[in-house]
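I have placed the structure first, in the form of C-alpha coordinates, so that the comments after it can refer back to it.
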Amino acid sequence: MSDRRIAHLDMDAFYASVELLRYPELRGQPLVIGGRSVPAPQRQADGSLRCARLRDYAGRGVITTATYEARALGVGSAMGLMKAAQLAPDALLLPVDFDAYRHYSRLFKAAVREIVPQIEDRGIDEIYLDLSTHEEDSASLARRLKDSVAAATGLRCSIAIAPNKLLAKIGSDLDKPDGLTLLGMDDLPTRIWPLPVRKINGIGPKADQKLATLGIRSIGELAAADEHWLCGHFGQHYGRWLHAAAHGLDEHPVVTHSEPKSVSRETTFARDLHARNDRTELGQLFTALCERVAADLVRKGVMACTIGIKLRYADFSSVTRDITLAEATTDARMIRRAAGECLKRVPLEQRLRLLGVRASHLSPLAEPMQPELALD
Ligand code: DCP
Ligand code: MG
(Lines give C-alpha, C1' and ligand atoms only; values in the text may rest on other atoms or scores of the structure.)
(Ligands and ions follow the chains in the order given, each with its own letter.)
Protein backbone atom coordinates (compact mmCIF):
# COMPACT_ATOMS: atom_id res chain seq x y z
CA MET A 1 0.00 0.00 0.00
CA SER A 2 3.01 2.30 0.34
CA ASP A 3 2.96 3.49 -3.27
CA ARG A 4 -0.63 4.66 -3.39
CA ARG A 5 -1.33 8.10 -4.83
CA ILE A 6 -4.48 9.66 -3.44
CA ALA A 7 -5.83 13.07 -4.39
CA HIS A 8 -8.17 15.30 -2.41
CA LEU A 9 -9.81 18.14 -4.31
CA ASP A 10 -11.71 20.92 -2.54
CA MET A 11 -13.30 23.96 -4.19
CA ASP A 12 -12.11 27.39 -3.03
CA ALA A 13 -14.64 29.52 -1.07
CA PHE A 14 -17.23 27.49 -2.91
CA TYR A 15 -20.60 29.20 -2.35
CA ALA A 16 -19.04 32.65 -2.57
CA SER A 17 -17.16 31.79 -5.74
CA VAL A 18 -20.36 30.58 -7.43
CA GLU A 19 -22.03 33.90 -6.53
CA LEU A 20 -19.10 35.79 -8.05
CA LEU A 21 -19.73 34.05 -11.38
CA ARG A 22 -23.13 35.78 -11.37
CA TYR A 23 -21.91 39.10 -10.01
CA PRO A 24 -18.34 39.45 -11.33
CA GLU A 25 -18.25 43.13 -10.41
CA LEU A 26 -18.16 42.11 -6.73
CA ARG A 27 -14.81 40.37 -7.17
CA GLY A 28 -12.03 41.54 -4.89
CA GLN A 29 -14.41 42.72 -2.17
CA PRO A 30 -15.01 41.13 1.20
CA LEU A 31 -18.18 39.10 0.73
CA VAL A 32 -20.02 36.60 2.90
CA ILE A 33 -22.87 34.20 2.17
CA GLY A 34 -25.50 33.31 4.74
CA GLY A 35 -28.33 34.45 6.95
CA ARG A 36 -32.06 34.15 6.65
CA SER A 37 -34.22 36.47 4.56
CA VAL A 38 -31.19 38.24 3.16
CA PRO A 39 -32.24 40.17 0.05
CA ALA A 40 -30.58 39.13 -3.21
CA PRO A 41 -28.51 41.83 -4.94
CA GLN A 42 -30.61 44.12 -7.12
CA ARG A 43 -29.64 45.66 -10.38
CA GLN A 44 -30.36 49.41 -10.38
CA ALA A 45 -31.65 51.45 -13.30
CA ASP A 46 -28.12 52.82 -13.87
CA GLY A 47 -26.78 49.26 -14.17
CA SER A 48 -25.06 49.22 -10.79
CA LEU A 49 -25.69 46.46 -8.26
CA ARG A 50 -27.29 47.10 -4.90
CA CYS A 51 -26.23 44.61 -2.28
CA ALA A 52 -26.85 44.15 1.45
CA ARG A 53 -23.96 44.73 3.84
CA LEU A 54 -23.18 42.92 7.06
CA ARG A 55 -23.96 45.96 9.16
CA ASP A 56 -27.55 45.97 7.84
CA TYR A 57 -28.22 42.47 9.15
CA ALA A 58 -30.25 41.77 12.27
CA GLY A 59 -30.98 38.18 13.20
CA ARG A 60 -29.49 34.90 14.25
CA GLY A 61 -28.19 33.69 10.89
CA VAL A 62 -24.64 32.42 10.42
CA ILE A 63 -22.04 32.64 7.68
CA THR A 64 -21.84 29.62 5.38
CA THR A 65 -18.68 30.88 3.75
CA ALA A 66 -16.65 34.02 3.15
CA THR A 67 -14.36 35.14 0.35
CA TYR A 68 -10.66 35.22 1.15
CA GLU A 69 -10.88 39.03 1.25
CA ALA A 70 -13.49 38.72 4.03
CA ARG A 71 -11.47 36.05 5.85
CA ALA A 72 -8.60 38.53 6.02
CA LEU A 73 -10.91 40.63 8.24
CA GLY A 74 -11.39 37.71 10.63
CA VAL A 75 -14.78 36.39 9.54
CA GLY A 76 -15.55 32.88 8.36
CA SER A 77 -17.85 29.83 8.18
CA ALA A 78 -20.23 29.19 11.09
CA MET A 79 -19.71 32.65 12.65
CA GLY A 80 -22.86 34.54 13.61
CA LEU A 81 -23.56 37.34 11.16
CA MET A 82 -24.05 39.96 13.86
CA LYS A 83 -20.70 39.08 15.38
CA ALA A 84 -19.13 39.15 11.92
CA ALA A 85 -20.68 42.59 11.36
CA GLN A 86 -18.59 43.96 14.23
CA LEU A 87 -15.42 42.78 12.49
CA ALA A 88 -16.35 43.62 8.93
CA PRO A 89 -19.39 45.95 8.83
CA ASP A 90 -18.88 46.87 5.18
CA ALA A 91 -18.54 43.33 3.89
CA LEU A 92 -21.20 42.44 1.31
CA LEU A 93 -23.84 39.92 2.32
CA LEU A 94 -25.58 37.58 -0.13
CA PRO A 95 -28.28 34.96 0.50
CA VAL A 96 -27.61 31.26 -0.04
CA ASP A 97 -28.80 29.63 -3.24
CA PHE A 98 -28.31 25.88 -2.84
CA ASP A 99 -29.68 25.10 -6.27
CA ALA A 100 -26.91 27.10 -7.89
CA TYR A 101 -24.24 25.46 -5.72
CA ARG A 102 -25.57 21.98 -6.47
CA HIS A 103 -25.49 22.77 -10.16
CA TYR A 104 -21.82 23.79 -10.04
CA SER A 105 -21.06 20.82 -7.80
CA ARG A 106 -22.33 18.49 -10.50
CA LEU A 107 -20.39 20.38 -13.17
CA PHE A 108 -17.03 20.22 -11.43
CA LYS A 109 -17.43 16.53 -10.61
CA ALA A 110 -18.31 15.76 -14.22
CA ALA A 111 -15.18 17.64 -15.36
CA VAL A 112 -13.03 15.55 -13.01
CA ARG A 113 -14.66 12.31 -14.20
CA GLU A 114 -13.52 13.11 -17.74
CA ILE A 115 -9.96 12.56 -16.49
CA VAL A 116 -10.45 10.17 -13.56
CA PRO A 117 -13.73 8.26 -13.94
CA GLN A 118 -13.92 6.94 -10.39
CA ILE A 119 -14.45 9.54 -7.68
CA GLU A 120 -15.38 9.36 -4.02
CA ASP A 121 -17.99 12.02 -3.52
CA ARG A 122 -17.57 13.73 -0.14
CA GLY A 123 -20.31 16.29 -0.41
CA ILE A 124 -20.95 19.48 -2.26
CA ASP A 125 -17.41 20.72 -2.80
CA GLU A 126 -14.91 17.91 -2.18
CA ILE A 127 -13.88 14.58 -3.63
CA TYR A 128 -11.16 11.95 -3.29
CA LEU A 129 -9.50 10.20 -6.22
CA ASP A 130 -7.24 7.17 -6.37
CA LEU A 131 -4.56 7.93 -8.96
CA SER A 132 -2.36 4.91 -8.19
CA THR A 133 -2.95 3.25 -11.55
CA HIS A 134 -2.41 6.41 -13.59
CA GLU A 135 0.86 6.65 -15.50
CA GLU A 136 1.05 10.44 -15.55
CA ASP A 137 3.16 12.14 -12.89
CA SER A 138 1.33 13.75 -9.98
CA ALA A 139 2.14 17.36 -10.75
CA SER A 140 0.83 17.28 -14.30
CA LEU A 141 -2.25 15.23 -13.34
CA ALA A 142 -3.12 17.73 -10.62
CA ARG A 143 -2.57 20.60 -13.05
CA ARG A 144 -4.82 18.96 -15.63
CA LEU A 145 -7.57 18.34 -13.05
CA LYS A 146 -7.46 21.96 -11.91
CA ASP A 147 -7.55 23.25 -15.50
CA SER A 148 -10.44 20.97 -16.36
CA VAL A 149 -12.48 22.17 -13.35
CA ALA A 150 -11.72 25.79 -14.22
CA ALA A 151 -12.67 25.33 -17.88
CA ALA A 152 -15.98 23.63 -17.00
CA THR A 153 -17.05 25.99 -14.21
CA GLY A 154 -14.91 29.12 -14.12
CA LEU A 155 -14.09 28.15 -10.52
CA ARG A 156 -10.83 27.41 -8.79
CA CYS A 157 -10.04 24.52 -6.50
CA SER A 158 -7.17 23.23 -4.42
CA ILE A 159 -5.72 19.75 -4.87
CA ALA A 160 -3.25 17.70 -2.92
CA ILE A 161 -1.78 14.37 -3.93
CA ALA A 162 -0.37 12.26 -1.11
CA PRO A 163 0.17 8.60 -0.12
CA ASN A 164 -3.25 8.39 1.59
CA LYS A 165 -6.57 10.14 2.19
CA LEU A 166 -5.59 11.55 5.57
CA LEU A 167 -2.57 13.42 4.18
CA ALA A 168 -4.34 14.39 0.96
CA LYS A 169 -7.15 16.01 2.96
CA ILE A 170 -4.74 17.98 5.13
CA GLY A 171 -2.70 18.82 2.04
CA SER A 172 -5.49 20.35 -0.02
CA ASP A 173 -5.89 22.98 2.70
CA LEU A 174 -2.19 23.84 2.92
CA ASP A 175 -1.85 26.12 -0.11
CA LYS A 176 -5.43 27.38 -0.49
CA PRO A 177 -6.72 29.10 -2.53
CA ASP A 178 -5.74 27.72 -5.95
CA GLY A 179 -3.39 25.24 -4.26
CA LEU A 180 -1.50 22.39 -5.87
CA THR A 181 0.25 20.42 -3.14
CA LEU A 182 2.29 17.25 -3.44
CA LEU A 183 3.05 15.51 -0.17
CA GLY A 184 5.25 12.53 0.59
CA MET A 185 6.11 10.86 3.90
CA ASP A 186 9.33 12.92 3.93
CA ASP A 187 7.26 16.10 4.25
CA LEU A 188 5.74 15.04 7.57
CA PRO A 189 8.17 16.86 9.91
CA THR A 190 8.17 20.12 7.96
CA ARG A 191 4.64 20.45 6.62
CA ILE A 192 2.37 18.35 8.86
CA TRP A 193 3.84 18.28 12.35
CA PRO A 194 3.73 22.05 12.91
CA LEU A 195 -0.04 22.09 12.29
CA PRO A 196 -2.63 22.08 15.10
CA VAL A 197 -4.16 18.64 15.79
CA ARG A 198 -7.58 19.88 14.58
CA LYS A 199 -6.28 19.70 11.00
CA ILE A 200 -6.55 15.92 11.21
CA ASN A 201 -9.91 14.81 9.83
CA GLY A 202 -11.31 12.83 12.77
CA ILE A 203 -10.09 15.04 15.59
CA GLY A 204 -13.15 17.06 16.52
CA PRO A 205 -13.64 19.80 19.11
CA LYS A 206 -13.90 17.36 22.04
CA ALA A 207 -10.73 15.39 21.29
CA ASP A 208 -8.98 18.67 20.50
CA GLN A 209 -9.90 20.08 23.89
CA LYS A 210 -8.89 16.95 25.75
CA LEU A 211 -5.55 16.83 23.92
CA ALA A 212 -5.01 20.49 24.85
CA THR A 213 -5.55 19.75 28.54
CA LEU A 214 -2.90 17.03 28.15
CA GLY A 215 -0.53 19.62 26.70
CA ILE A 216 -0.79 18.46 23.08
CA ARG A 217 -1.56 21.11 20.52
CA SER A 218 0.40 20.31 17.37
CA ILE A 219 0.39 17.14 15.28
CA GLY A 220 4.12 16.85 16.01
CA GLU A 221 3.44 16.81 19.76
CA LEU A 222 0.85 14.11 19.16
CA ALA A 223 3.35 12.08 17.11
CA ALA A 224 5.84 12.33 19.97
CA ALA A 225 3.32 11.08 22.55
CA ASP A 226 3.55 7.48 23.71
CA GLU A 227 0.92 5.23 22.09
CA HIS A 228 0.09 3.39 25.34
CA TRP A 229 -0.31 6.67 27.15
CA LEU A 230 -2.71 7.88 24.44
CA CYS A 231 -4.69 4.62 24.70
CA GLY A 232 -4.89 5.14 28.47
CA HIS A 233 -6.56 8.51 27.93
CA PHE A 234 -8.65 7.86 24.80
CA GLY A 235 -9.26 4.09 24.77
CA GLN A 236 -7.47 1.47 22.67
CA HIS A 237 -9.18 2.15 19.40
CA TYR A 238 -9.02 5.94 19.24
CA GLY A 239 -5.63 6.04 20.97
CA ARG A 240 -4.06 3.82 18.33
CA TRP A 241 -5.71 5.76 15.56
CA LEU A 242 -4.45 9.10 16.98
CA HIS A 243 -0.92 7.73 17.10
CA ALA A 244 -1.04 6.40 13.52
CA ALA A 245 -2.67 9.55 12.16
CA ALA A 246 0.00 11.79 13.71
CA HIS A 247 2.57 9.65 11.86
CA GLY A 248 0.71 10.22 8.60
CA LEU A 249 -0.54 6.63 8.39
CA ASP A 250 -3.95 5.79 6.94
CA GLU A 251 -5.07 2.78 4.93
CA HIS A 252 -8.64 3.79 4.07
CA PRO A 253 -9.45 3.05 0.45
CA VAL A 254 -11.09 5.56 -1.85
CA VAL A 255 -14.70 4.35 -2.04
CA THR A 256 -16.02 5.08 -5.48
CA HIS A 257 -19.34 3.33 -5.54
CA SER A 258 -22.07 3.26 -2.99
CA GLU A 259 -25.58 1.89 -2.93
CA PRO A 260 -28.10 4.70 -3.20
CA LYS A 261 -29.52 5.60 0.22
CA SER A 262 -32.31 7.61 -1.29
CA VAL A 263 -33.68 8.71 -4.62
CA SER A 264 -34.97 12.22 -4.99
CA ARG A 265 -36.13 14.71 -7.55
CA GLU A 266 -36.83 18.37 -7.05
CA THR A 267 -37.77 21.34 -9.09
CA THR A 268 -37.36 25.07 -8.62
CA PHE A 269 -40.32 26.88 -10.11
CA ALA A 270 -39.95 29.49 -12.81
CA ARG A 271 -41.96 31.79 -10.52
CA ASP A 272 -42.94 31.29 -6.89
CA LEU A 273 -46.22 29.38 -6.64
CA HIS A 274 -48.98 29.55 -4.10
CA ALA A 275 -50.61 26.37 -2.77
CA ARG A 276 -54.13 27.72 -3.24
CA ASN A 277 -53.92 30.10 -6.20
CA ASP A 278 -51.68 27.83 -8.28
CA ARG A 279 -53.21 24.59 -7.12
CA THR A 280 -53.55 22.97 -10.55
CA GLU A 281 -50.08 23.79 -11.74
CA LEU A 282 -48.56 22.72 -8.44
CA GLY A 283 -50.51 19.45 -8.50
CA GLN A 284 -49.23 18.62 -11.98
CA LEU A 285 -45.62 19.38 -11.07
CA PHE A 286 -45.99 17.30 -7.93
CA THR A 287 -47.34 14.31 -9.85
CA ALA A 288 -44.56 14.61 -12.45
CA LEU A 289 -41.92 14.58 -9.68
CA CYS A 290 -43.45 11.44 -8.17
CA GLU A 291 -43.45 9.75 -11.57
CA ARG A 292 -39.78 10.57 -12.04
CA VAL A 293 -38.89 9.26 -8.58
CA ALA A 294 -40.82 6.06 -9.35
CA ALA A 295 -38.93 5.64 -12.65
CA ASP A 296 -35.60 6.27 -10.89
CA LEU A 297 -36.39 3.58 -8.33
CA VAL A 298 -37.13 1.02 -11.02
CA ARG A 299 -34.01 1.98 -12.98
CA LYS A 300 -31.84 1.55 -9.87
CA GLY A 301 -33.53 -1.74 -9.04
CA VAL A 302 -34.79 -0.64 -5.62
CA MET A 303 -38.06 0.01 -3.85
CA ALA A 304 -38.74 2.53 -1.10
CA CYS A 305 -40.42 2.31 2.27
CA THR A 306 -40.34 6.01 3.15
CA ILE A 307 -41.60 8.90 1.05
CA GLY A 308 -40.77 12.47 1.91
CA ILE A 309 -41.22 15.96 0.54
CA LYS A 310 -39.13 19.09 0.69
CA LEU A 311 -40.50 22.59 0.28
CA ARG A 312 -38.53 25.76 0.00
CA TYR A 313 -40.50 28.93 0.60
CA ALA A 314 -40.10 32.28 -1.08
CA ASP A 315 -38.00 33.46 1.88
CA PHE A 316 -35.61 30.51 1.30
CA SER A 317 -36.53 28.71 4.50
CA SER A 318 -37.36 25.08 3.91
CA VAL A 319 -39.20 22.21 5.53
CA THR A 320 -39.24 18.45 5.03
CA ARG A 321 -41.80 15.85 6.02
CA ASP A 322 -41.86 12.12 5.49
CA ILE A 323 -44.10 9.20 5.93
CA THR A 324 -43.35 5.49 6.21
CA LEU A 325 -45.45 3.12 4.14
CA ALA A 326 -46.85 -0.22 5.23
CA GLU A 327 -44.89 -1.86 2.44
CA ALA A 328 -42.13 -0.85 0.05
CA THR A 329 -43.14 0.47 -3.34
CA THR A 330 -42.01 1.74 -6.74
CA ASP A 331 -45.52 2.79 -7.70
CA ALA A 332 -45.93 6.43 -8.78
CA ARG A 333 -49.50 6.63 -7.51
CA MET A 334 -48.60 5.31 -4.07
CA ILE A 335 -45.68 7.72 -3.93
CA ARG A 336 -47.99 10.56 -4.99
CA ARG A 337 -50.52 9.66 -2.30
CA ALA A 338 -47.87 9.47 0.44
CA ALA A 339 -46.28 12.73 -0.72
CA GLY A 340 -49.74 14.33 -0.67
CA GLU A 341 -50.16 13.24 2.95
CA CYS A 342 -46.86 14.90 3.79
CA LEU A 343 -47.98 18.10 2.09
CA LYS A 344 -50.99 18.29 4.41
CA ARG A 345 -48.60 18.55 7.34
CA VAL A 346 -46.69 21.66 6.27
CA PRO A 347 -47.61 25.33 6.45
CA LEU A 348 -48.73 26.62 3.05
CA GLU A 349 -49.42 30.31 3.64
CA GLN A 350 -46.24 31.46 1.95
CA ARG A 351 -45.45 31.13 -1.72
CA LEU A 352 -43.26 28.19 -2.73
CA ARG A 353 -40.01 28.32 -4.57
CA LEU A 354 -39.06 24.68 -4.76
CA LEU A 355 -40.71 21.32 -4.36
CA GLY A 356 -38.91 18.01 -3.95
CA VAL A 357 -39.90 14.38 -3.47
CA ARG A 358 -37.60 11.82 -1.88
CA ALA A 359 -37.87 8.05 -1.56
CA SER A 360 -35.69 6.40 1.10
CA HIS A 361 -35.30 3.23 3.18
CA LEU A 362 -34.51 1.42 -0.01
CA SER A 363 -34.38 -2.30 -0.50
CA PRO A 364 -33.56 -4.33 -3.62
CA LEU A 365 -36.45 -5.00 -5.94
CA ALA A 366 -37.42 -8.66 -6.02
CA GLU A 367 -35.49 -10.56 -8.71
CA PRO A 368 -37.40 -10.54 -11.96
CA MET A 369 -39.17 -13.82 -12.45
CA GLN A 370 -37.46 -16.36 -14.62
CA PRO A 371 -38.98 -16.09 -18.08
CA GLU A 372 -40.91 -19.22 -18.78
CA LEU A 373 -39.11 -21.73 -20.91
CA ALA A 374 -40.84 -22.41 -24.16
CA LEU A 375 -41.45 -26.11 -23.90
CA ASP A 376 -43.31 -27.97 -26.49
N1 DCP B 1 -20.42 25.46 4.45
C2 DCP B 1 -21.50 25.76 5.29
N3 DCP B 1 -21.31 25.83 6.64
C4 DCP B 1 -20.09 25.62 7.18
C5 DCP B 1 -18.99 25.31 6.36
C6 DCP B 1 -19.19 25.25 4.97
O7 DCP B 1 -22.61 25.94 4.79
N8 DCP B 1 -19.91 25.71 8.51
C9 DCP B 1 -20.64 25.42 2.98
C10 DCP B 1 -20.19 26.71 2.36
C11 DCP B 1 -18.90 26.39 1.68
C12 DCP B 1 -19.04 24.92 1.35
O13 DCP B 1 -19.87 24.38 2.37
O14 DCP B 1 -18.69 27.19 0.53
C15 DCP B 1 -17.74 24.17 1.29
O16 DCP B 1 -17.10 24.18 2.57
P17 DCP B 1 -15.54 24.37 2.73
O18 DCP B 1 -15.21 24.05 4.13
O19 DCP B 1 -14.80 23.64 1.65
O20 DCP B 1 -15.34 25.94 2.58
P21 DCP B 1 -15.16 26.82 1.28
O22 DCP B 1 -15.17 26.00 0.03
O23 DCP B 1 -16.15 27.92 1.32
O24 DCP B 1 -13.73 27.48 1.49
P25 DCP B 1 -12.29 26.81 1.31
O26 DCP B 1 -11.63 27.60 0.23
O27 DCP B 1 -11.62 26.97 2.64
O28 DCP B 1 -12.50 25.37 0.94
MG1 MG C 1 -14.03 24.32 -0.15
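The values are calculated or read from the model by the stated rules, or taken from the named source; none is laboratory data. Bear in mind that the values here come from a model prediction, so they are computed numbers and not experimental data. Here the Cβ positions follow ideal geometry from the backbone for every residue, glycine too, while neighbour counts run over all protein chains shown.
Some notes on this structure:
- The lone exception for ALA151 - which of (1) surrounded by fewer than 14 Cβ atoms within 10 Å (Cβ to Cβ); (2) more than 20 Å from LEU107 (Cα to Cα); (3) aliphatic (A, V, I, L, M) it fails: (2)
- Scope segment 67-88; condition among the aliphatic types (A, V, I, L, M) and either in contact with a Phe, Trp or Tyr (Cβ under 7 Å, 6 or more places away or on another chain) or closer than 21 Å to LEU21 by Cβ (or both); matching residues: ALA70, LEU81, MET82, ALA85
- Checklist (1) in contact (Cβ under 8 Å) with a residue 40 or more places away in the chain; (2) in a helix (DSSP H, G or I); (3) surrounded by fewer than 13 Cβ atoms within 10 Å (Cβ to Cβ) applied to TYR101, failing item: (3)
- Annotation for segment 113-134: at least one member residue is basic (Lys, Arg), out of contact with any Pro (no Cβ under 8 Å at 6 or more places or on another chain) and either more than 24 Å from GLN29 (Cα to Cα) or surrounded by 17 or more Cβ atoms within 10 Å (Cβ to Cβ) (or both).
- Residue within segment 42-63 that is touching a Gly at 6+ places or on another chain (Cβ under 9 Å), within 14 Å of ligand 1 (Cβ to nearest atom) and within 24 Å of PRO177 (Cβ to Cβ) present: yes
- Scanning segment 217-239 for residues that are assigned by TED's automatic domain parsing to the domain that holds THR324, under 30 Å from CYS157 (Cα atoms) and either not β-branched (Val, Ile, Thr) or not in a helix (DSSP H, G or I) (or both) turns up nothing.
- Where a residue in segment 41-70 is in contact (Cβ under 8 Å) with a residue 60 or more places away in the chain and within 18 Å of PRO24 (Cβ to Cβ) and its partner, wherever it lies, is assigned to a loop (DSSP other than H, G, I, E, B) and within 16 Å of ligand 1 (Cβ to nearest atom), with Cβ under 8 Å and at least six apart: TYR68/ASP12; TYR68/ALA13; TYR68/PRO177
- Those residues of segment 337-353 which are surrounded by fewer than 19 Cβ atoms within 10 Å (Cβ to Cβ), of a type outside the set (Asp, Glu) and not in a loop (DSSP other than H, G, I, E, B), in sequence order: ARG337, GLY340, LEU343
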